[in-house]
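So the structure is just underneath, and the comments pick up after that.
Read the figures in this text as sums done on the coordinates, not as results from a lab. Everything numeric in this text was worked out from a predicted model, so none of it was measured. No Cβ is skipped: glycine too gets one built from the backbone with ideal geometry, and neighbour counts run over all protein chains shown.
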Amino acid sequence: MATSVSPKLPVLLHLDSSPLESSISRELTREFVKVWKTTHREGEVIDRDLAARPPQPIDATWIGAAYTPEGARTLQQKEALALSEELITELEKADEYVIGVAMHNFSIPSVLKLWIDQVVRVGRTFSYGEGGPKGLLEGKKATILIASGGVYELGTPAGTWNFVEPYLRNILSFIGVTEVKFVTAGGAAQLRGGMDRATFLKPALEQVRTVAA
Ligand SMILES: Cc1cc2nc3c(=O)[nH]c(=O)nc-3n(C[C@H](O)[C@H](O)[C@H](O)COP(=O)(O)O)c2cc1C
């Protein structure tokens, strides 16, 4: 008797990293999720708020465990990798990622770096081969929604201070995620100067609606 296999339903992994409730990057990811849900009615969204529940920093036990073959790991080593396993499973399960990023000190929030340290793992998300390192996540796409106080246009002197976009582009590509789009709401410092929030957010929200659809 023929058995029918149901098609896999789309899954979106939604990460936020700003510590602020009034966060601009959070407003952008909220809009992305809202639009994505309308175009993927059967889809599932996995929400992970990295500021509310920061991943633990990797330590010597974690590193030792990551470089120990799976079958030879002690119970303590397995426990050390448990969160990493959970976070990597989310990356594997999702087809698409949306990541909200607040620029902090010209780079990413520390909680997002903690997440990266947990998910960039030898043998799980990358491997070393003859041709060098190889990313192991396949067929995924990511949208990175950034908010920054200043404006950092690539190719300008200010652009050299932006370590958010180049770092995320490279680290995602290292684990195999090469289809990455960026939307930046730059110049949020103008809000302190009295600029209206809706006016400031309008162009970024429009771009978000386009990339989420
Ligand atoms: C701790 C901290 C560090 C910041 N560092 C920078 C920075 O280096 N460059 C910049 O342009 N804006 C910086 N800002 C401004 C934020 O990028 C801006 O407020 C942005 O809206 C933060 O994203 P969020 O609204 O999603 O939290 C910083 C803000 C904070 C709170």
Extending each Cα 7 Å along its Cβ direction at Phe163 and Asp117, get the distance between those two points in nm, one decimal.
1.4
Given labels modelled 7 Å from the Cα in the Cβ direction, how far is it in nm from Ser6 to Glu206?
4.0
Would you please classify the overall shape of the stretch 76-136 from the alpha carbon gyration tensor, given that a ≥ b ≥ c denote the square roots of the eigenvalues, rounded means a/c under 1.5, and beyond that prolate means a/b larger than b/c while oblate covers the rest?
prolate
Pull up all non-local amide H partners of Thr184: gap of 5 or more, or a different chain, and H-to-H distance under 5 Å with H placed in the peptide plane.
Ile146
When a/c is below 1.5 the answer is rounded, else prolate if a/b is larger than b/c, else oblate, so apply that to the stretch 1-98 with a ≥ b ≥ c taken from the square roots of the Cα gyration tensor eigenvalues.
oblate
Give the whole-number value, in cubic angstrom per residue, of the convex hull volume spanned by the C-alpha atoms of the chain.
168
Reference-scaled alpha-carbon Rg (2.2 N^0.38 Å with N residues) for the stretch 90-213:
1.17
The stretch 155-208 and the stretch 1-40: distance between their alpha carbon centers, rounded to Å
19
What are the radius of gyration and Dmax of the stretch 116-188, computed over its Cα atoms and given in Å?
14.5, 45
